[in-house]
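All remarks here apply to the structure that follows.
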Amino acid sequence: MGKGTGFSVHLRDYFLYLLHLTLVMVDQIESQISTPPSRRLVTPRSQDSFFTRLTPLGLEKKIAAIAIILGTLPVFGVGAIGYGLANRALTQQLADTQQVSSVRLSDLISRYMAQRYADIQAIASSAVLANAKVRDSLSSTERDAALKRIVEPYGMYDDVAIFDLEGNVLSQTASQSVANQANQDYFRTVLKTNKPFISQPIIFSKERTSEVYFAAPIKDADTGKTIAIARADLPLAKLADQIKSYTLVGQEYRLLNNSSEVFLASQSDRIGRNAMSDFPELREGQRDPNRYFSEPGNRLFFSYAPWTKLDGLPDLNWQILLGSTVETASQPRQQLLLILGIGTSVAAVLAGCIAAWLSGRLARRLTSVTTAIQALGQGQLETRLTLRGDDEITSLSGSVNSMADQLQSLLQQQVRHASDLQCFNEATFHIRKSLDVDGVMQTAVREVRRLLECDRALVYLFDEQWQGTIVAESVALGYPASLGVNIADPCFAQQFVDKYRQGRMHSISNLDTVDIDPCYRGQLEPFHVKANLVAPMVVEGKLIGLLAVHQCSGPRDWQSSEMNLFYQMAVHVGFALEQVRLVEQEQKLLHVETLSEERRQHKETFQFQLLELLQHVEKAAMGDLTARAMVGEGEIGIIADFFNAIVENLQHLVQQVKQATVEVSASLGNHEVAVRSLSTDADLQAQETASTLASVEQMITSIKTVAQSAQQAAIVSQSASATAETGGLAIDATVQSIVELRQTIGETAKKVKRLGEASQQISKVVSLINQISVQTNMLAINAGIEAARAGKEGQGFATVADEVAALAVRASEATQEIEHLVLNIQQETGEVIDAMEQGTAQVVEGTQCVEDAKQSLEQMMKASHGINQLVQSISLATESQVETTHAIATLMHEIAQVAERTSNSSIQVSDSLRQTTAIAKELQGSVETFKVS
Amino acid sequence: MSKVLVVEDAPSEMELLSHYLQQSGYLVISAMSAKDALNKAIELKPDIVVTDVIMPGMSGFTLCRSLRRHPETENVPIIICTSKNQEIDRFWGLRQGANVYMTKPFTQDDLIRAIKSVEG
């Protein structure tokens, strides 16, 4: 992809990004003016995905970044591909080299073994051994020395020994003697084939070494027959020295025998291991010289080479593994990587710098547009761009400017609309917040009146006959209230119901000019209505009422937005009412359900507990009073315990009854005896009563005698009484005459007293006369004195005065004489009165004597009466005594009968007691059925 | 030092009650069943009896009645301490001769206050 194409695509993306920003901005503005979410524009998803990742970066940086990426990526790509190719070639080369090395190593080993094979043949055919003459001429010691001399030039064998055909040592170079070899494989092979032989390596695992036997038949020089066998013992360490000088530093090898055991290795600890287990890839059939494999746990990779066959050398079927360390192999690769890395980086930096410089120039203009749109997006709607030049960016700037203009005007409209909506939303929110019908309607009229700024808002609900009542009202101050008014409009049902149900609104702008039904006008006028709006409240197709607003201050032209708003309000109120009704119904239902569920559960629990209780109680019903109900958690617990309390008491009671029955049985026995003795006693009593009855009859006879004597005494006392009565009458006559005498004397005395009183009046008159005479005398004296003063003229008057005085003195003297006479009369009458009183006293005395005599007589009479009465009462008493004794006798009879009956009864009682005992026993038996302990 | 006879079948509750009472200086006699409690009450003459209601065998209510019926224990104050918390349970408990009816759960203060209220 070329750089130019990259940028054009990028520019397209950028414009999409600008569109995206614009949409975001419009979205933001819309969200500010509360447009419902459904009307928001949605940014296309496909453009989103690319930009969302880059959005956090600035435009300039983004273009630079993309340019750098576009510049550097191909460079890095080429570098990587180059490295990959070179790496593959290098690896191939390295592997080939190693393969060649391993094949050459195999060749080397084969050649070495071939030389040793030649050695043993040479030794076997030396004259000393093969020529019988020479051999026989030498002693054993000389033979050994000769052998040493033969062997010495070879130098690398541990031991060279000659065995006879039975396997015994004839001669050897090593000091340590060797055992009989007749049973050894190599020995037998040589003996059989008469040919030289190389044994498989003998591995000493402990010492980590190995050796190979070279054996050859020694043939007699003359006869050509095998006479002995020579064996050379080659320690493979010698071979290792050879290999070491061949292999490079860092290379390792493994030599495997025909059974794949390692018998020689650069690391001696590998000797004796089975290569098959170390190299799982090294299986039969997979031994491909071109394969490489690594040893587990070792940073080496190995190549494989089979045994190199040579003419004249037996095929030992050895295998060679040659390995190199990974470090050795990868060293050239690292160098290659370093060179390519540095070259690519330098190229990338250069490309990046150029791309950044080019993109910066383009980005700056776009950034200014972006900044402006972002500012618009953040609400700074007064932002404008300056227009320069004539390209796409300039026309974009122009579009941005005109868009900003449009947004400003739109925003203003939206703000207005939004504030209306806000009010509407608040109103509906308040309405919906109310939880009961009245609350909804009350909030509705209040909110509607506030929203439309009118004078009255009301809710009018219909009944079944389409007659309605105003149930909620909000009215401005100063206008009449219509709340509770009942409106019966006869024509409403026919004319308006269907129209309102279909959502018709009714409006009057000016009541004075509009032509309406006079009946309707008559309903509106009392409430000062000048203009009104009416909207239906329809719930589920049913017209439930009307929402109305009135303007009373004057006519009003309703705006369509207002009417729309009002209509919406009516719909909302209808819904709110329905919702409240539904919620109430639901709550009621829910409540009922919960209640019945609770009751059911409670009932179940109760029944379960009851069942449990019944199980416990059952035993008690069977008579086991030791049974107790379990007191549990539930309400039944108390009933269980109540039962326990009853059973406890019952147990107690039954215990007492048991005891009582025993005691009753015992005491009933005793009682029977007592009742028997009672019967005997009753018999005895009857006999005694009979004897008493006889005595009573005797007593009756003597009482009768007493009665007769008393009657005679009564007759005597009656005659004495009659005599005393006659004496009494005579005395009464005497008393009468004395009383008369006394009266006569009393009257005489009264007359004498009256005479005394008359004389006393005379005395009073006399003393009056005397006083007059004294005064007269005094007057005479006074007159004399006056006359003396008068002198001579008074002489005559003095004389008269003197004569008056003298007359006064004489009158006074006469009165004194009368006084004296009267006094005498009074004295004499007093004496007569005294004499009369004495006579009266004597008469009184006489009367008293007679009275005493009369009283004595009366006492006598009373005494004789008392005697009479006594005698009569004695007589009566004796009579009653007789009756009483008769009654006693009767009683006695009755007593005797009673005693007899008592005797009979006690026998009956005794029988009853016997029956009672039986009953008590029976009761005891019954009580026994109760278990109490 | 007052002797309190605690009757409770649940070992954990018994542990708690004993701990509360011993901490407040009471000597605790414990009985794991009402029957055991009745014997101990007659034998050891505790000053106060604190009992649970729901126990296997004899219930706490029966224990109350038995204590009240026996001349040795007819006047010992009884505190019922139970999880039966209905008004009818309280009414019945007090009618069976308990002096105080406490419902679980209760605090140490509740228990000690109840004991002090009946402790002569």
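The values are calculated or read from the model by the stated rules, or taken from the named source; none is laboratory data. Model, not experiment: these values are computed from the prediction. A quick note on method: Cβ atoms are made from the backbone with ideal geometry, for glycine too, and the neighbour counts reach across all protein chains shown.
Confirm whether A:ALA806 is at pLDDT 85 or above, part of a helix (DSSP H, G or I) and not assigned by TED's automatic domain parsing to the domain that holds A:ALA733.
Yes; evaluated as a whole, the condition is true for this residue.
How about the stretch B:56-84: which of its residues are assigned to a loop (DSSP other than H, G, I, E, B), facing chain A (nearest Cβ under 8 Å), more than 17 Å from A:ALA627 (Cβ to Cβ) and not hydroxyl-bearing (Ser, Thr, Tyr)?
Selection gives B:LYS84 alone.
Can you tell me which residue among A:VAL134, A:VAL169, A:VAL128, A:VAL75 is surrounded by 15 or more Cβ atoms within 10 Å (Cβ to Cβ) and outside the structural domain of A:THR325 (by TED's automatic domain parsing)?
After ruling out the rest, the residue left standing is A:VAL75.
Please specify each residue of the stretch A:507-543 satisfying the condition of being part of a strand (DSSP E or B) and at pLDDT below 85.
Residues satisfying the conditions are A:VAL538, A:VAL539, A:LYS542, A:LEU543.
Identify all residues within the stretch B:8-55 that are within 18 Å of B:ASN99 (Cβ to Cβ), within 14 Å of chain A (Cβ to nearest Cβ) and either in a loop (DSSP other than H, G, I, E, B) or in contact with a Gly (Cβ under 7 Å, 6 or more places away or on another chain) (or both); write none if there are none.
Scanning the stretch B:8-55 gives B:ALA34, B:THR51, B:ASP52, B:VAL53.
Which residue is farthest from the other protein chains (Cβ to nearest Cβ), if the candidates are limited to the stretch A:672-686 and must be of a type outside the set (Asp, Glu) and buried (at least 16 other Cβ atoms within 10 Å of the Cβ)?
A:ALA686
What's the number of the only condition in (1) within 14 Å of chain B (Cβ to nearest Cβ); (2) part of a helix (DSSP H, G or I) that A:SER721 fails to meet?
(1)
Every residue in the stretch A:639-662 that is within 13 Å of chain B (Cβ to nearest Cβ), among the polar types (S, T, N, Q) and exposed (fewer than 14 other Cβ atoms within 10 Å of the Cβ), please.
A:ASN649
Only residues that are small (Gly, Ala, Ser) and surrounded by fewer than 20 Cβ atoms within 10 Å (Cβ to Cβ): list them for the stretch A:506-553, please.
Selection gives A:SER507, A:SER509, A:GLY522, A:GLY541, A:SER553.
Before we move on, is A:GLU858 of a type in the set (Asp, Glu), modelled with pLDDT of 85 or more, farther than 30 Å from A:THR748 by Cβ and assigned to a helix (DSSP H, G or I)?
Judged against the criteria, A:GLU858 is not a match.
If a residue has to be surrounded by 13 or more Cβ atoms within 10 Å (Cβ to Cβ) and within 30 Å of A:TRP307 (Cβ to Cβ) to count, how many in the stretch A:83-96 make the cut?
3
Residues are listed down the side, and each one gets a yes or a no for (1) within 14 Å of another protein chain (Cβ to nearest Cβ); (2) surrounded by 11 or more Cβ atoms within 10 Å (Cβ to Cβ); (3) in a helix (DSSP H, G or I):
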| residue | (1), (2), (3) |
| --- | --- |
| A:VAL573 | no, yes, yes |
| A:VAL580 | no, yes, yes |
| A:GLN601 | no, no, yes |
| A:GLN607 | no, yes, yes |
| A:THR626 | yes, yes, no |
| A:GLY637 | yes, yes, yes |
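Looking at this structure, is B:ASP109 out of contact with any Lys or Arg (no Cβ under 6 Å at 6 or more places or on another chain) and either away from chain A (no Cβ under 12 Å) or among the hydrophobic types (A, V, I, L, M, F, W, C) (or both)?
Yes; evaluated as a whole, the condition is true for this residue.
Restricting to the stretch A:378-424, name every residue that is in a helix (DSSP H, G or I), more than 30 Å from A:ARG449 (Cα to Cα) and either in the same structural domain as A:VAL448 (by TED's automatic domain parsing) or modelled with pLDDT under 80 (or both).
Of everything in the stretch A:378-424, those that are in a helix (DSSP H, G or I), more than 30 Å from A:ARG449 (Cα to Cα) and either in the same structural domain as A:VAL448 (by TED's automatic domain parsing) or modelled with pLDDT under 80 (or both) turn out to be A:GLU392, A:ILE393.
Given (1) surrounded by fewer than 21 Cβ atoms within 10 Å (Cβ to Cβ); (2) assigned to a helix (DSSP H, G or I); (3) more than 11 Å from every other protein chain (Cβ to nearest Cβ), where does B:PHE91 come up short, assuming only one miss?
(3)
Out of the strands (runs of 3 or more DSSP E) lying entirely within the stretch A:159-243, which hold 3 or more residues that are of a type in the set (A, V, I, L, M, F, W, C), under 24 Å from A:LEU316 (Cα atoms) and more than 60 Å from the chain's Cα centre (by Cα)?
A:159-164, A:202-204, A:209-219, A:226-235
Would you check if B:THR103 is farther than 21 Å from A:ASN649 by Cβ, more than 10 Å from chain A (Cβ to nearest Cβ) and hydroxyl-bearing (Ser, Thr, Tyr)?
When the stated conditions are applied, B:THR103 passes them.
Name the residue that is farthest from A:GLU252 (Cα to Cα), counting only residues in the stretch A:97-125 that are surrounded by fewer than 19 Cβ atoms within 10 Å (Cβ to Cβ) and of a type in the set (D, E, K, R).
Filtering first and then ranking leaves A:ARG111.
Just give me the residues in the stretch A:850-894 being within 16 Å of A:SER717 (Cβ to Cβ) and without any contact (Cβ under 8 Å) to a residue 40 or more places away in the chain, in sequence order.
Once the filter is applied, which keeps residues that are within 16 Å of A:SER717 (Cβ to Cβ) and without any contact (Cβ under 8 Å) to a residue 40 or more places away in the chain, the stretch A:850-894 yields A:GLN859, A:LYS862, A:ALA863, A:GLY866, A:GLN869, A:LEU870, A:SER873, A:LEU876.
I'm trying to understand the selection: among the residues of the stretch A:425-465, which are assigned to a helix (DSSP H, G or I), of a type in the set (D, E, K, R) and closer than 23 Å to A:LEU477 by Cα?
Hits for the stretch A:425-465 are A:ASP438, A:ARG446, A:GLU447, A:ARG449, A:ARG450.
Only one residue in A:ALA713, A:ALA645, A:ALA694, A:ALA686 is in contact with an Asp or Glu (Cβ under 7 Å, 6 or more places away or on another chain), of a type in the set (A, V, I, L, M, F, W, C) and part of a helix (DSSP H, G or I), so which one is that?
A:ALA686
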